[in-house]
Amino acid sequence: MDVLVPSEINALNGTTIKIPCTFTSCYKLDTTKFVMNWTFHETANDTEEMFMAYYKKKGMVALRSDRFGDRVMFAGNLDKNDLSITLSDVQPEDAGIYNCYVRNPPDRIQGQGIINLVVVTELPAPRDSTIAVAIGASVGGALALLILSMVVVKCLRRHRKQELISEEKMEEEGKLEAEGVAEEETK
């Protein structure tokens with residue numbers, strides 16, 4: 001059994017967030033044996049407070065909690081092994097550790113997902129990557145021009161070298177022809 005959750009979630013104060021929890025099991029979910037609950041504690045040293053549980057006859061039930069009141073709702077789908085919840089009107093005191101416990105017999109191991117919820121007063125500003133893109137484009141363009149100029153210089157040198165070789169061959173052929181003509185005249 002594996003329980004899949006994010007390790008940390010940032011939530012904006014006063015908003016509604018989804019706290020995801022899904023699980024995988026080798027066995028099909030049997031609602032008569034299935035056990036599941038959500039707990040909360042502010043720090044690792046605090047006592048856990050259960051605020052949602054699964055009951056055979058009632059299904060998923062939000063337990064009355066002084067901390068959450070009626071702000072917690074089941075948002076998952078048992079048929080898809082989704083045990084997610086939503087927490088509305090997030091408050092700074094909602095920050096802490098959320099645990100999603102799951103047992104799906106005949107799996108022998110109880111799965112647990114631990115999520116750290118961080119409540120922020122404002123979300124961090126999105127990063128403006130315009131400068132990075134401009135710098136990257138400039139450096140890339142400069143490198144492209146440098147490579148292009150090196151290729152052009154190399155081609156020009158090769159062309160000049162071939163011209164010199166051609167001229168030398170022509171001069172040698174000219175000398176040979178001149179020598180050949182001179183030899184024939186002497187004969």
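For the structure I just gave you, tell me whether Asp46 is at pLDDT below 95, of a type outside the set (S, T, N, Q) and in a loop (DSSP other than H, G, I, E, B). Considered against the rule, which asks whether it is at pLDDT below 95, of a type outside the set (S, T, N, Q) and in a loop (DSSP other than H, G, I, E, B), Asp46 comes out as yes. Take Lys175 and tell me if it is modelled with pLDDT under 75, of a type in the set (Lys, Arg) and surrounded by 10 or more Cβ atoms within 10 Å (Cβ to Cβ). When the stated conditions are applied, Lys175 passes them. Of all positions in region 17-37, at least one carries a residue that is assigned to a strand (DSSP E or B), open to solvent by 50 Å² or more (accessible area, probe 1.4 Å) and within 21 Å of Thr121 (Cα to Cα). Checking each residue in region 109-142 for being open to solvent by less than 70 Å² (accessible area, probe 1.4 Å) and under 17 Å from Thr15 (Cβ atoms) picks out Ile115, Leu117, Val118, Val119, Val120. Within region 79-108, if we keep just the residues that are in a strand (DSSP E or B) and among the charged types (D, E, K, R), the residue that is least open to solvent (accessible area, probe 1.4 Å) turns out to be Asp82.
Within the span defined as region 162-169, one or more residues are among the small types (Gly, Ala, Ser), modelled with pLDDT under 80 and either within 30 Å of Ala11 (Cα to Cα) or surrounded by 10 or more Cβ atoms within 10 Å (Cβ to Cβ) (or both).
The values are calculated or read from the model by the stated rules, or taken from the named source; none is laboratory data. Keep in mind that this is a model prediction, so the values were computed, not measured. Neighbour counts run over all protein chains shown; Cβ positions are idealised from the backbone, glycine included. Just the protein is used for accessible areas: all its heavy atoms, side chains included, with ligands, DNA and RNA removed. Shrake-Rupley method; radii C 1.70, N 1.55, O 1.52, S 1.80 Å.
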